[in-house]
Amino acid sequence: MSDRYADQTHLSVLLCESFKVLSPERGGIFIDATLGMGGHSEALLESANDLKVYGIDQDAEAISYASQRLERFGKRFRAFQANFTDIKNIVKSEGLAGVDGVVADLGVSSLQFDSGERGFSFRFDAELDMRMNTDSDDPTAAELLATLTEEEIANVIYQYGEERASRKIARWIVERRSKGDPITTTRDLAALVERAVRKGAKDKIHPATRTFQALRIAVNRELESLEIFLADAIELLKIDGRLAVITFHSLEDRIVKQAFQKMSGKCFCPPRMPICVCGAEKKVEILTRKPILPSEEELKENPRSRSAKLRAVRKIK
């Protein structure tokens, strides 16, 4: 295991709650669609001797770490460096007729968040990258800020970060780059946002938190990928198969909630529409009418779980 992370404590969010809805004691084939440091995969593999896990992650470093962590399970675990939107291709390439369960923890993993050079956190001074897959040719956060128009930057920060001061932040970013001094590091961006946003007395988060979230989502096209993944994951489930998704902000949670509702048969067409055209079809049973939240004990043990929400469904058709 990498010396760099050998002594790092990894706490998987809502682990016990995920188990209750996934029912891994049934055995079979499960997919950890956001492998990270392998916490959910390890727990799944320990739950039943006849259970196999396929782990997916874009991050080569996460694949390496988790593979070493889970080496003791031998052929019961396989890792794939890919986006979770590739789940159908992976299942097909392995010759599987379907899977018994899928879990996706959409939070940034500790491996990424605590890595000083990846640019996910303003706690470290680093290049403003934010790509989950650093080997990709996708533009970095710094490149987006250097090429998008002021209106486009404001829209990204407002839509993906729900930041009220998005227009002011975008204006300051563009004004600065027009002087030949573009934003290239995490500290640069955090300092600019902190000056642009007045922190209220009741605010518990850093003023730059929403802006960093927005850029990360934009760089990795997370919301578009999530919609594709949800549809494909449910399609791949066997009858009685379970899908559990852990989200960390309202935009993700809204997408998951509405996707589950539509696949449980709820129509989103206007009331006067003579026939349903939204594609609603009863394929699943919703197992979590309300999202499951972390317990007080988990919140004390792992403060990063504070915004986590778990939703789950069971395939019935």
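What the table shows:
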read-out	value
Residues of region 28-39 satisfying the condition of being out of contact with any Phe, Trp or Tyr (no Cβ under 9 Å at 6 or more places or on another chain) and either basic (K, R) or modelled with pLDDT under 95 (or both)	G39
Only one of R254, R195, R242, R272 that is over 29 Å from R131 (Cβ atoms) and out of contact with any Asp or Glu (no Cβ under 9 Å at 6 or more places or on another chain)	R272
Number of the exception - K317 against (1) modelled with pLDDT of 95 or more; (2) closer than 21 Å to I87 by Cα	(1)
Residue check for T149: at pLDDT 95 or above, not small (G, A, S) and not assigned by TED's automatic domain parsing to the domain that holds D32	yes
Contacts under 7 angstrom Cβ, first residue in region 120-141 being of a type in the set (G, A, S), partner assigned to a loop (DSSP other than H, G, I, E, B), 6 or more apart	A126/G116; A126/E117; A126/R118; A126/G119; A141/G119; A141/L128; A141/D129; A141/M130
Residue, farthest from the chain's Cα centre (by Cα), within region 45-72, restricted to residues that are closer than 21 Å to G95 by Cα and hydrophobic (A, V, I, L, M, F, W, C)	L51
Selected residue (criterion: nearest to A33 (Cα to Cα)) from residues of region 68-85 that are part of a helix (DSSP H, G or I) and not hydrophobic (A, V, I, L, M, F, W, C)	T85
Complete set of residues in region 13-29 that are touching a Ser or Thr at 6+ places or on another chain (Cβ under 8 Å) and not in a helix (DSSP H, G or I)	V13, L14
Test: residue in region 262-281 that is in contact with a helix residue (DSSP H, G or I) (Cβ under 8 Å, 6 or more places away or on another chain), assigned to a helix (DSSP H, G or I) and either in contact (Cβ under 8 Å) with a residue 12 or more places away in the chain or more than 16 Å from V13 (Cα to Cα) (or both)	yes
Qualifying residue in region 272-283 (condition: crowded, with 17+ Cβ neighbours inside 10 Å and β-branched (V, I, T))	no
Yes/no for V256 being more than 26 Å from Y158 (Cβ to Cβ), free of Cβ contacts under 8 Å to residues at least 60 places away in the same chain, of a type in the set (V, I, T) and not assigned by TED's automatic domain parsing to the domain that holds V193	no
Helices (runs of 4 or more DSSP H) completely within region 137-251 that count 3 or more residues being more than 28 Å from A104 (Cα to Cα)	141-147, 150-161, 166-178, 186-196
Subset of region 154-166 [farther than 12 Å from V193 by Cβ, at pLDDT 95 or above and either touching a Leu at 6+ places or on another chain (Cβ under 8 Å) or surrounded by fewer than 17 Cβ atoms within 10 Å (Cβ to Cβ) (or both)]	V156, Q159, Y160
Residues of region 9-46 satisfying the condition of being of a type in the set (F, W, Y) and surrounded by 21 or more Cβ atoms within 10 Å (Cβ to Cβ)	F30
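The values are calculated or read from the model by the stated rules, or taken from the named source; none is laboratory data. The model shown is predicted, which means the values in this text are computed figures rather than measured ones. A quick note on method: Cβ atoms are made from the backbone with ideal geometry, for glycine too, and the neighbour counts reach across all protein chains shown.
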